[in-house]
Each structure stands twice: as structure tokens, then as C-alpha cells.
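Please treat every number below as a calculation from the coordinates, not as lab data. Everything numeric here is computed off the predicted structure, so don't read it as measured data. Here Cβ is always computed from backbone atoms with ideal geometry, including for glycine, and neighbour counts include all displayed protein chains.
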There are 2 protein chains.
Amino acid sequence: MKRTAFFISDGTGITAEALGNSLLMQFEKIDFHKVILPYTDTVEKAREAVKRIRRAAEDDGVRPLIFDTIVDEKIRAELRSAEGCMVDIFGTFLEPLEQELGAKSTYTVGSSHSIASKVGYDRRIDAMNFALDNDDGARIRQYDEADLILVGVSRSGKTPTCIYLALQYGIKAANFPITEDEILDQKLPKALKIHRHKIFGLTIDPERLALIRHERKPNSRYSSIKQCNYEVEEVEMMYRRERIPFLNSTDYSVEEISTRILLMTGIERRIR
Amino acid sequence: MKRTAFFISDGTGITAEALGNSLLMQFEKIDFHKVILPYTDTVEKAREAVKRIRRAAEDDGVRPLIFDTIVDEKIRAELRSAEGCMVDIFGTFLEPLEQELGAKSTYTVGSSHSIASKVGYDRRIDAMNFALDNDDGARIRQYDEADLILVGVSRSGKTPTCIYLALQYGIKAANFPITEDEILDQKLPKALKIHRHKIFGLTIDPERLALIRHERKPNSRYSSIKQCNYEVEEVEMMYRRERIPFLNSTDYSVEEISTRILLMTGIERRIR
């Protein structure tokens with residue numbers, strides 16, 4: 001069974017998509033065809049959207065779902081005329097919130113992913129540059145500035161996690177690879193030792209690690225299960241010995257790894 | 001006026017935060033104290049949350065707001081006992097959606113930012129590695145694989161945009177810097193020419209560019225307003241001459257730049 005779902009926003013559409021997807025994921029058996037219409041910020045654009053909704057209704061033989069995060073009442077009214085099944089966030093929650101807060105909504109359009117919150121935004125971009133500059137142990141002299149230093153063997157998920165923490169939460173995360181040198185040394189590198197309280201470890205199942213490494217360097221010593229077993233075992237021993245908090249990233253998305261690290265370390269979001 | 005707002009989720013909390021923030025941004029004059037409680041996936045954890053909500057109510061002298069994206073009805077019921085002002089997404093929309101779709105919700109917990117959608121997830125991480133490997137013109141031999149090649153002068157926003165497109169939408173975006181060499185040549189580098197249909201340009205106001213460059217290299221020729229003026233003028237002329245679609249990134253967040261590029265180019269999201 002096919003069903004069209006529209007995500008319509010006056011801004012980027014990111015909130016409408018996130019919300020719509022989290023609801024649609026509850027109906028696994030239905031094959032949703034998703035259409036995203038960002039920047040629907042005039043009545044004219046809403047009219048275009050209405051045409052597309054009606055066309056989808058005809059094609060599907062059933063009315064489409066509409067997830068909208070549009071603030072302007074006139075634009076929302078136009079969308080309602082398409083007679084889809086509306087999941088209308090602002091229409092549903094804004095009035096009760098106005099009453100609860102005893103304040104009028106300012107009806108700010110599409111602001112939640114805009115540059116509007118300038119301080120927060122600059123912080124996020126700064127943090128992203130920090131993550132890129134301090135990737136893979138490239139530099140260590142900026143560790144004073146770091147909120148977090150992620151360690152782990154090659155391909156355990158350090159870089160994507162650092163970048164996500166920066167982009168989503170404005171957190172400055174450096175990362176440092178634990179290589180065979182560190183393992184043979186049986187101790188933390190000096191650069192890390194003085195920032196011990198900022199260190200967090202990632203680990204990963206050796207089988208999964210071998211698969212990921214194999215994509216990069218097929219049939220190498222680096223990607224062999226024997227080498228992966230050895231490195232993972234040693235690095236976990238190091239975490240325990242040095243009392244470094246750590247997480248196994250195997251079954252987690254970068255969003256989950258990031259939010260779990262925040263929860264485990266108590267590091268605060270740097271934005272908002 | 002201070003008011004506490006809780007974002008409570010059985011998963012990462014990313015959807016609850018996005019939704020809550022987009023609603024709270026409509027009340028600019030109120031000073032919200034935001035508390036995020038991810039992975040609230042048992043009744044016990046919900047009880048802990050209830051305690052925190054009640055404490056906030058006492059401290060503030062007014063009941064907190066609760067934005068939750070919890071699927072499990074028992075956990076939601078526990079949260080309701082805190083007597084906050086609940087903005088209850090699943091409670092509000094799931095039943096009408098079940099009726100509309102003639103299907104029962106599967107009550108899948110915290111899945112929207114999990115690794116659940118394995119294909120989509122791998123694609124996003126692949127795209128992120130692609131963006132990092134193909135940053136700043138570092139390589140050009142993978143351009144066949146690219147969905148998009150972003151061009152622009154140094155510090156016009158190429159790298160963050162490529163990474164965001166990868167992480168959010170699984171789009172493989174490379175980026176290539178337009179330096180004085182390219183400007184003096186008065187033509188597109190050969191590596192780009194054969195992929196002309198994939199090229200998209202970024203530009204930026206020279207004043208803003210000078211500021212950003214100044215942070216990197218203070219008082220340099222590179223960050224001088226004269227140099228910035230020159231480069232921006234030339235690169236915009238190049239875009240026009242070569243008929244490269246382009247966008248001025250000055251007033252836009254990386255989310256806005258990314259979604260606008262998708263809208264302007266028609267490139268499809270590679271996930272879901």
C-alpha cells in the first residue's frame with residue numbers, strides 16, 4: 001500500500017521531517033512516498049503545494065498526509081484547502097502554549113534552523129572547524145580549548161562523532177587515535193595525560209571493525225580480524241587501566257553515540 | 001520570567017528538541033531553562049524525570065513545559081503524573097494517524113535517530129567520509145561518485161555544507177576551492193569542467209568574508225577587505241560566465257544553505 005506524505009515548512013523543513021519521520025516510523029508496513037517542500041513561505045507557494053497534494057491524492061486514490069511546521073495562519077489555511085490529513089504542529093500546540101504562557105506567539109517564520117540565534121550558530125561553526133583541525137591527533141596544542149577528547153582505534157567512529165557534537169551541540173571535540181605505538185607503550189600519550197578528565201573512549205566489536213576497515217583497505221593486515229581483535233582487546237584494557245569512561249559504538253548511530261557521551265560525561269550543550 | 005522546559009525522549013531526544021525549540025522560539029520574551037532527558041525508556045527513569053519536573057515546578061513557582069516524544073503509553077502516563085504542561089506528540093497524533101491509516105502503530109521506541117535504518121545510516125557515514133576525503137580539492141579522482149561539487153573562495157562555507165549534506169541527507173558532496181590561480185586563469189579547472197553539471201557555487205559578502213578570514217589569519221593580505229572584494233567579485237563573474245548556479249551564504253545557516261541547494265539543484269536525498 002502506497003501513501004504520500006508531505007513535509008511542508010516555511011523554513012528548512014528539518015523539524016517537519018524529524019517529527020513526521022518519527023511518527024511514520026510507527027507504521028512500518030506502509031510504503032510512504034515522502035515529499036519535502038521547504039521554504040513554503042507565501043500563499044502562492046502554498047497554492048503550488050496544494051496542487052501537488054491534490055495530484056498525489058488522485059494518483060494514490062487516498063488523501064495524503066501533511067506534516068507541516070508553518071507558522072503563518074494564512075498559509076496553513078491554504079494548505080488545509082487541499083483536504084489532506086493534516087498533522088498541524090503549530091495549529092495544534094501554539095494556542096494552548098499561548099494560554100499556558102500568558103504570552104502571544106511572535107509568529108517567527110522558519111527560525112529554528114536559521115542563523116537567527118547568532119551566538120549559537122557561530123559557536124557551532126567554530127566547533128566544527130575545531131573538530132576538523134583537531135582530527136586524528138593532527139594537533140594537540142589546542143586541547144586546552146577542547147570540551148572533550150575522543151580516543152579509540154582507527155575507524156571506531158571518532159571523527160563522525162566529533163563533527164556531529166560540533167554541528168548539533170556546539171561542543172569542541174578533538175580526537176586522538178590509539179595506534180599500535182600507544183598500545184605497545186602500555187600507557188597514555190603525554191599529550192593526553194594532562195587532559196585526562198576530558199578523555200572519552202570509543203570501542204567497537206572486532207568483527208564490525210574488520211568489516212569497516214576492509215572497505216578502506218581490503219585484505220590488509222590492518223583489516224584482518226586478528227589485528228582488529230588485538231587492538232580492541234588492548235584498547236579496552238587501556239580504558240579500564242586508566243579509568244577512562246568508554247562506550248561500544250557498534251550498534252549505535254552517530255546521533256546515539258553523541259547523545260550518550262553527553263549523558264555519561266555530563267558535558268553541557270554549548271548552544272541556546 | 002523564567003520557565004523550565006523539559007525535552008524528554010526514549011531515544012536521543014533530537015526530535016523532541018527540534019520540535020520543542022521550534023515552538024518555544026515563538027515566545028521570544030520568555031527565558032526558558034531547557035532540560036533534555038534522553039533515553040527515558042523505562043518507568044523507573046520516568047519517575048526520576050517526574051521528580052526533576054516537580055522540583056522545577058517548585059523552584060519556578062509555575063508548572064514546567066514538557067515536550068515528549070515517548071512512544072510507550074506507560075512511560076507517558078508516568079510523566080503525566082508530574083502535572084506539567086505536556087506537549088505530547090505521540091499522544092496527540094498517533095491515534096488519529098492509526099485511524100487514518102487503518103493500521104496499528106508498532107510502538108517502536110526511539111528509532112528515528114537510531115541505526116535502525118541500516119542502509120540509510122551506512123550511506124550517511126559513507127557520504128561523510130566522502131566529504132572529508134574530498135575536502136578542499138584534496139582529491140579529484142572520486143568526482144565521478146559525487147552527487148555535487150561545491151566551489152567557492154576560501155571560507156565561503158563549503159566544508160560545513162558538504163558535511164551537513166552528508167550527515168543529514170546521505171549526499172556525497174566534494175568541494176573545490178577557487179583560488180587566485182583559478183581566478184587568474186579565467187577559466188574552470190579541467191577537473192571541474194568535465195563534471196560541470198554537478199557544480200554549485202557559493203558566494204559571500206566580502207565584509208563578512210574578511211571577518212571570517214581575520215579570525216583565521218589576522219591582518220593578512222588573505223583577510224584584507226581589498227583581497228576579499230577582489231576574490232568575491234571575480235568568482236561571481238566566473239559563476240555567471242560559466243552559468244554555474246550559485247547562492248550567497250552570508251545570511252544563511254549551514255542547514256539553510258544545504259536545503260536551498262537541494263531545492264535549487266533538485267538533488268534527491270539519498271536516505272529513506
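Place a +1 charge on the Cβ of each Lys and Arg in the protein assembly as shown and a -1 charge on the Cβ of each Asp and Glu, then give the dipole magnitude about the Cα centre in debye, rounded to the nearest 20. Don't skip to the end; give the middle numbers.
Details: 82 positive and 86 negative charges, 177 e Å.
Dipole magnitude for the protein assembly as shown comes out near 860 debye.
With K and R counted +1 and D and E -1, the other residues having a Cβ less than 11 Å from that of A:V62 yield a net charge of -1.
Here is the link list: A:K217/B:K187; A:K74/B:K198; B:K187/B:K226; A:K158/B:K187; A:K158/B:K29; B:K45/B:K104. Which ones come out longer than 32 Å on Cα distance? From A:K217/B:K187; A:K74/B:K198; B:K187/B:K226; A:K158/B:K187; A:K158/B:K29; B:K45/B:K104, over 32 Å: A:K217/B:K187; A:K74/B:K198; A:K158/B:K187; A:K158/B:K29.
The string of couplings for the stretch B:45-53 from the Karplus curve (6.51, -1.76, 1.60, θ = phi - 60°) is 5, 5, 5, 4, 4, 4, 4, 5, 5 Hz, one whole number per residue in order, with x for Gly and Pro.
Sorted from nearest, the other copies put their A:Y222 label points 2.8 nm away, the label point being 7 Å from Cα in the direction of Cβ.
Roughly speaking, what is the stretch gain from A:K226 to A:K190, that is 0.36 nm per residue apart minus the C-alpha to C-alpha distance, in nm to one decimal?
10.1 nm
Residues with beta-carbon under 14 Å from that of A:I194, excluding A:I194: net charge, scoring Lys, Arg +1 and Asp, Glu -1? That sum, taken over residues with Cβ under 14 Å, equals +3. Applying the Karplus relation 6.51 cos²θ - 1.76 cosθ + 1.60 with θ = phi - 60° to the stretch A:232-243 yields 3J(HN,Hα) values of 5, 4, 5, 5, 5, 4, 4, 4, 5, 4, 8, 6 Hz, where x marks Gly and Pro. Between the Cα long axis of helix B:14-24 and the first principal axis of chain B there is an angle of about 90°, rounded to the nearest 10.
I need the shape label for the stretch B:146-246. Rule: rounded when a/c is under 1.5, else prolate if a/b > b/c, else oblate, with a, b, c from the alpha carbon gyration tensor.
Values: a/c = 2.27, a/b = 1.29, b/c = 1.76.
Note, shape of the stretch B:146-246 comes out oblate.
Around the amide H of A:I178, modelled in the peptide plane, lie the amide H atoms of A:G152, A:V153, A:S154, all under 5 Å away and 5 or more residues distant in sequence or on another chain.
Cut-off is 10 Å between beta-carbons; in what order do A:L101, B:L165 appear when sorted fewest neighbours first?
Details: A:L101 20, B:L165 29.
Listing A:L101, B:L165 from fewest to most nearby Cβ atoms yields A:L101, B:L165.
So if a site counts as exposed when it's one of the GluC sites (Glu not before Pro), its DSSP state isn't H, G, I, E or B, and it has at most 14 other Cβ atoms within 10 Å, what's the longest stretch of chain A without one? With GluC sites (Glu not before Pro) excluded where exposed in loops, chain A gives A:84-267 as its longest stretch. Take A:D122, move 7 Å from Cα toward the beta carbon, and the resulting point lies 4.3 nm from the same point in each other copy, nearest first.
Find the relative contact order for chain A and round it to a whole percent, using C-alpha pairs within less than 8 Å whose residues are 6+ positions apart.
On the way: 424 pairs, mean separation 41.0, N = 272.
It comes to 15 percent, rounded to a whole number.
Between amide H atoms placed 1.01 Å from N, distances below 5 Å from A:D68 occur with A:I8, A:V87, A:I89, all of them 5 or more places distant or on a separate chain. The distance separating the Cα centre of the stretch B:55-98 from that of the stretch A:1-80 comes to 26 Å. Residues B:L24, A:L150 in ascending order of nearby Cβ atoms (within 10 Å, fewest first): B:L24, A:L150. Helix B:118-133 axis versus longest C-alpha principal axis of chain B: approximately 40°, rounded to the nearest ten.
For chain A, the longest principal axis of the alpha carbon atoms and the long axis of helix A:206-216 meet at an angle near 80°.
Using bins of 5 Å that start at zero, the share of Cα-Cα pairs per bin across the stretch B:1-129 amounts to 2, 10, 18, 20, 18, 14, 9, 6, 3, 0, in whole %.
Summing +1 for each Lys or Arg and -1 for each Asp or Glu among the other residues whose beta-carbon sits under 12 angstrom from that of B:E236 gives -3. Amide hydrogen proximity for B:I204: with H placed 1.01 Å from N in the peptide plane, the residues at 5 or more positions away or on another chain lying under 5 Å are B:S249. For the protein assembly as shown, a Kirkwood hydrodynamic radius built from all Cα pairs, placed in the Stokes-Einstein relation at 25 °C and 0.890 mPa s, yields a translational diffusion coefficient of 98 µm²/s.
Here the spin labels are modelled as points 7 Å beyond Cα on the Cα-Cβ line, and at B:E215 and B:E73 they lie 5.0 nm apart.
Ordering B:D135, B:D205, A:D68 by the number of other Cβ atoms within 10 Å of each residue's own Cβ, fewest first, gives B:D205, B:D135, A:D68. Placing a label point 7 Å from the Cα of A:T106 along the Cα-to-Cβ direction, the distances to the matching points in the other copies come to 4.1 nm, shortest first.
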